[in-house]
Amino acid sequence: MIMVTGATGNVGREVVKLLAGQGAAVAAVSRNPAPAQPPAPAPAPGAFADGVRQIVGDPSRPQSLAPALGGVAALLLSPRAVGGASAELLALAAERGVRRVVVLSAVTVEYGGGYRRFAEEFAQVEAAARASGLSWTFLRCADFAANALAWAPQIRATGRARGVHGAAATSPVHQRDIAEVAVQALLDPGSGPDAAHAGRAYALRTRPGERPEPARRRPGTHPPVEGRRQGTAGRRLTAHRSCACGVTAGLLVPLP
Ligand SMILES: NC(=O)c1ccc[n+]([C@@H]2O[C@H](COP(=O)([O-])OP(=O)(O)OC[C@H]3O[C@@H](n4cnc5c(N)ncnc54)[C@H](OP(=O)(O)O)[C@@H]3O)[C@@H](O)[C@H]2O)c1
């Protein structure tokens, strides 16, 4: 059995789908029980495919997962879902016989950049995994492609996208790609020193050596915005460099 924390998140839900599609036994953790009858046709948030065992619990309160940890061989750890409880959750997991943990970490642990507080939090989660005695694999992810969706409402409403760091270049990675790597690490057929991914940290980002196109590096543009532009059905859009309060105002566009 593979337990997925953050199972309703961008990566977690893809991991659950991929594992279930490969016939693996999956326990998907969410704080919210799925509705008994999800409204058709779209599955409700928190609803998982047939055969996926839903665990209602809060990973940031590890004891809520204690009854479900028996029989779990590997755990996907989503730091956002686990909050400050990584060490406690991993100790409990080890006690219940879990052997492997795959951590959704961040490239900033390795390369710096971004807010130091975030990098430190991810580093603490990695340290907890190292100290847990479980076999560990770290997926140090760059910014998710899904982050760009934060611009969608203002683009729809105004045709503009506002960003503070107009000339910033990032190396976004798609959450589905992260999920595919996670699944390989979770299902690693080896064990102990024979496991291919044990004790490995992978940086998941745009291919090394790949550079943003020149157009994406103009001041006033931002790579994810440019990426979204290409999928906007011929609409002419503009990107605006803005102060932080302007960016916040843009992100609040959909709110009443
Ligand atoms: N976005 C990025 O660019 C980026 C980059 C590097 C690493 N990461 C890390 O990658 C992991 C996966 O990201 P994601 O976007 O897939 O996750 P996400 O969608 O932000 O969150 C995953 C799930 O965690 C639960 N959750 C959220 N806030 C919580 C809280 N305060 N307490 C308890 N549970 C909470 C929610 O599940 P329920 O409501 O169903 O319980 C949510 O669906 C995260 O830990 C994130 O920090 C993200």
**Q.** Paramagnetic reach from His174 in segment 7-33 [backbone N under 13 Å; point 7 Å along Cα→Cβ]
**A.** none
Q | Where labels lie 7 Å past Cα in the beta-carbon direction, separation of Arg80 and Arg117 in nm | A | 1.6
Q. If we sort 56-62, 155-161 on the protection proxy, mean other Cβ atoms within 10 Å, highest first, what's the order?
A. 56-62, 155-161
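Using the beta-carbon distance between His165 and Ala49 and R0 = 41 Å, what value does 1/(1 + (r/R0)^6) give for FRET efficiency, to the nearest 0.05? If you can, show how the numbers build up before the last one.
On the way: r = 39 Å, r/R0 = 0.94.
According to the calculation, E is roughly 0.60.
Report the gain in length on full extension from Met1 to Ala244: 0.36 nm times residue separation, minus Cα-Cα distance, nm rounded to one decimal. Show your work: numbers first, answer last.
On the way: separation 243, 0.36 × 243 = 87.48 nm, distance 4.45 nm.
So the chain would gain 83.0 nm between Met1 and Ala244.
What's the ranking of 131-138, 244-251, 143-150, 78-85 by average number of surrounding C-beta atoms within 10 Å, highest first?
Working: 131-138: 20.6, 244-251: 14.0, 143-150: 16.4, 78-85: 18.9.
Highest mean packing first, the order is 131-138, 78-85, 143-150, 244-251.
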Q) To the nearest 0.05, what FRET efficiency results for Ser64 and Thr158 with a Förster distance of 35 Å applied to their C-beta separation? A) 0.25
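Every number here is computed from the coordinates shown, using simple stated rules; none is lab data. Here the structure is a predicted model, which is why all the values come from computation and not from measurement. Note: ideal-geometry Cβ built from the backbone for every residue, glycine included; neighbour counts use all protein chains shown.
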